[in-house]
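Quick notes on the structure that follows.
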Amino acid sequence: MKRFLSALAFIAAACTPVKEEPTDLKLWYDEPAAQWVEALPVGNGRLGAMVFGGSEREQIQLNEETVWAGQPNSNANPNVEEGALDEIRQLIFDGKYRAAQDMVDQKIFFKTNHGMSYQTIGDLYLDFPGHETPSSYYRDLDISKAVASVKYTVDGVEYTREVISSFADDVVAVNLSASEKGKITFDASLVSPHKKHSVAVEGNDIVLRATTGDQEGLEGKVQFVTRVRIAHDGGRLEATEEGLSLAGATEATVFISTGTSFVNYKDISADPDKKALAALDAAFSKKFKSMKKAHSAQYAEYFDRVELDLGTTPAALNTTDVRVREFAEGDDPQLAELYFQFGRYLLICSSQPGGQPANLQGIWANSLNPAWDSKYTTNINVEMNYWPAEVTNLSELHEPFIKMVKEVAETGAETAKTMYGAKGWVLHHNTDIWRITGPVDFAASGMWPTGGAWFCRHLWEHYLHTGDKEFLVEVYPLMKGAAEFFLDFMIVEPENGWLVVAPSNSPENAFLRDPGDVTICAGTTMDNQMISELFTNIITAADIGSTTPDNAPMPKARLRFRPSARRGSEIIAPSGMFCIAIPTAKAIAEAKVMPAFPDIAPAITAPTAIPSGMLCSVTASINIVERPNDEGIPSGVELSKCKCGVKWSKSSINAIPAKKPTAAGIQPVP
């Protein structure tokens, strides 16, 4: 699975006021990164950098959150044949799943666009002659301050680098210093893998101008400009064919600024050079020491809200790679604390109000075609990125995700109408910066129209944690629009009269194999739970917001879902109707979460806002076993003795298991 940010599942956190001195929270190593995944990430929500830490050659790989392939577009298929959906549904009900899946591929999917890729800017290289064999090498990432550092000694001189992606000044800055005067000498150059790019020295700046790549026949049209400028104390700065060369300085700071033409998912008309110059000019006059102080202070406004202390053992004295390698057999509770806080660090650094949400790799990607395009996989991964937002006191960082919900509701309304003739809005299992909402890849993974329900769960969670009624009133139409799509799209299955989503799948959970995986079926448990919860939350939201919308179809529809998958105190998660499931690792991972949440939504009483300075604890105990059906064939995943609880102390607020919504006076629709 794609889990760059998913470090935070079910860990107890103590949200008490922090001490004046921050906890020593550092990832540290005694050698440079040999590959990209070993480099250390810094970011300010918009600008990302991966710091390799080489002594002879420093490589800093660069990203900006809006550098994506392609251009504004829609991937909704306007050519879905009339009657194709009915035929696919009948094949499912007849048990002809493979034929149904093949027909989805042939008649539902749009063949020209499966979403665009998030792309790298390129790399900044700093070359240090004579630094091939350092001693006392050390590099770290201090996640309490959001600063990456490198230290080593050459010929008795200690050299230090510090790298930040400044929250305060919106540039990446690399500070270089030495224990003796006049020892800072290096060459700087910029390279990029983009086909349409140029690099030149303009005045005292290295300037990269480029346009993002084409993909699946869609021309790349996002323009971007990256400028590199060096401030130095002493020494001599010269332009070279490759970039800039500085010799004999006592200290230097390399400033990197990037601007793009992106305005929003419909508009790419901004002036990238103007944006890059504005930030660079504003930052260049500042001393690095004051920049770093302002940067760390702004970062600490988020990070310092939560402190977790699990104890420390001598294992914490080892380098981070050794600690990870020995963790399973050792005694290193502080590594779990570091892991927890590193997850918060990544979210802070890749998701800031007013910007783009964190994608599959946050804001860090080193190629033009990263894994899964580094898009937004909406059947689990983008949600996982934001699970920590509310429960680890980073509520404001949910804003980019919430903005994306609003935007896909706009594009998803057109997709629902174009492809299915349905009201409301739909989101399938992927989107990108252009907010595509049609199905992508192939039927076995992409024919999952339930993304809107899961996205709306985040709207509800944000309300539960903030108690913001104005926000709830604002997003209520989004929730209702998602529900309107399901009310139009769901159909009655012929055997039991249940309302089902069809065609759909239990994400990445195949129930037939050889040749090829088959996932397409009807009425999956995951769909039933998400949509039922969506309807429940809409009804509750209408009462809270004092609105009087027509919610009459929702409680009636909810009663026509397949009965709750529960047996006594046990929660059972079968994969779907008319199919035998073969649970995959991903299906089990999702099953651990989804069946538990709908009946354990927090019931919060006034005052509703959860303040930052209180003790929070989250516990979960879920056992996974296979339960054969009457024929002895595994029919799903059983979650036995499931326990989930959330408690806040030092407050009058308690989050407790909510009672199931009553339906007094409402009977199932005949």
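Selection within the range 485-518: residues that are of a type outside the set (A, V, I, L, M, F, W, C) and in contact with a Leu (Cβ under 9 Å, 6 or more places away or on another chain). The member of this set that is surrounded by the fewest Cβ atoms within 10 Å (Cβ to Cβ) is Glu493. Looking only at residues of the range 302-326 that are touching a residue at least 12 places away in the same chain (Cβ under 8 Å) and not in a loop (DSSP other than H, G, I, E, B), we find that the one that is nearest to His398 (Cα to Cα) is Tyr302. Which ones in the range 133-161 are more than 20 Å from Gln341 (Cβ to Cβ) and in contact with a Leu (Cβ under 9 Å, 6 or more places away or on another chain)? Hits for the range 133-161 are Tyr159, Thr160, Arg161. Within the range 431-450, the set of residues being open to solvent by less than 10 Å² (accessible area, probe 1.4 Å), out of contact with any Phe, Trp or Tyr (no Cβ under 6 Å at 6 or more places or on another chain) and not in a loop (DSSP other than H, G, I, E, B) comprises Ala443, Gly446. Taking every residue in the range 108-135 that is closer than 30 Å to Ser74 by Cβ and pairing it with any residue that is open to solvent by 40 Å² or more (accessible area, probe 1.4 Å) and of a type in the set (S, T, N, Q), at least 6 positions away or on another chain, the pairs with Cβ-Cβ distances below 6 Å are Ser117/Asn369; Thr120/Asn366.
Residues in the range 253-272 that are among the aliphatic types (A, V, I, L, M) and either in contact with a Ser or Thr (Cβ under 8 Å, 6 or more places away or on another chain) or under 24 Å from Gly213 (Cα atoms) (or both): Ile256, Val263, Ile268, Ala270. In the range 243-270, what residues are open to solvent by 10 Å² or more (accessible area, probe 1.4 Å) and outside any strand (DSSP E or B)? Selection gives Thr250, Phe262, Val263, Tyr265, Lys266, Ile268, Ser269, Ala270. The set of residues from the range 406-426 being crowded, with 22+ Cβ neighbours inside 10 Å and part of a helix (DSSP H, G or I) comprises Val408, Ala409, Thr411, Gly412, Thr415, Ala416, Met419.
Looking for something part of a helix (DSSP H, G or I), aliphatic (A, V, I, L, M), open to solvent by 30 Å² or more (accessible area, probe 1.4 Å) and under 30 Å from Leu338 (Cβ atoms) - is there at least one such residue anywhere in the range 273-286? No, that holds for no residue. Of the strands (runs of 3 or more DSSP E) contained entirely in the range 85-167, those carrying at least 3 residues that are closer than 30 Å to Gly70 by Cα fall at 122-127.
The values are calculated or read from the model by the stated rules, or taken from the named source; none is laboratory data. What you see is a predicted model; the values in this text were computed from it and never measured. Because the Cβ atoms are built from the backbone with ideal geometry, glycine has one as well, and the counts that use them run over all protein chains shown. When the accessible area is computed, the model is the full protein with side chains, heavy atoms only, and any ligands, DNA or RNA have been set aside. Shrake-Rupley method; radii C 1.70, N 1.55, O 1.52, S 1.80 Å.
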